[in-house]
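Written out below as structure tokens is the structure these notes cover.
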Amino acid sequence: MYSPASVDMAVDRSDLSELLVYAMKETLDADAPRTLYDVIDPDALDSLFAPRYNGEPRAPGEVILDYGGHTFTVESTGSVVVE
């Protein structure tokens, strides 16, 4: 049985899509999506938690994605939790 794991990397909020791709590849092995566009719009994910146009930080939050029998929670803090 797979136990929940957290993937933390030194990424800023504008690179969360890269962190999600890494977590998906590590978790799903050969079943990883060929591109993130097969699952979610990476530009939308990155801009969701990016600073506002005036440089102010956005409120904390998370995006939850079910894929390949796992739940991927992308947190605005720069973490992806895989369950």
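For segment 21-27, what does the Karplus curve 6.51 cos²θ - 1.76 cosθ + 1.60, with θ = phi - 60°, yield as ³J(HN,Hα) per residue in whole Hz, taken in order and with x for Gly and Pro?
Taking θ as phi minus 60°, the curve returns 4, 4, 5, 5, 5, 5, 7 Hz for segment 21-27.
Considering the convex hull of the alpha carbon atoms of segment 20-82, report its projected area averaged over all viewing directions, in nm², one decimal.
Its average projected convex-hull area is 4.2 nm².
Quote to one decimal, in nm, the extra length available between R52 and L65 on full extension: 0.36 nm per residue of separation minus the C-alpha distance between them.
2.3 nm
Considering amide H positions built from the backbone, and no H for Pro or chain starts, which residues 5 or more places from R58, or on another chain, come under 5 Å of its amide H?
HN-HN under 5 Å from R58: R52.
Bear in mind that the values in this text are calculations on the coordinates, not laboratory data. Predicted model, so just to flag it, every value in this text is computed and none were measured.
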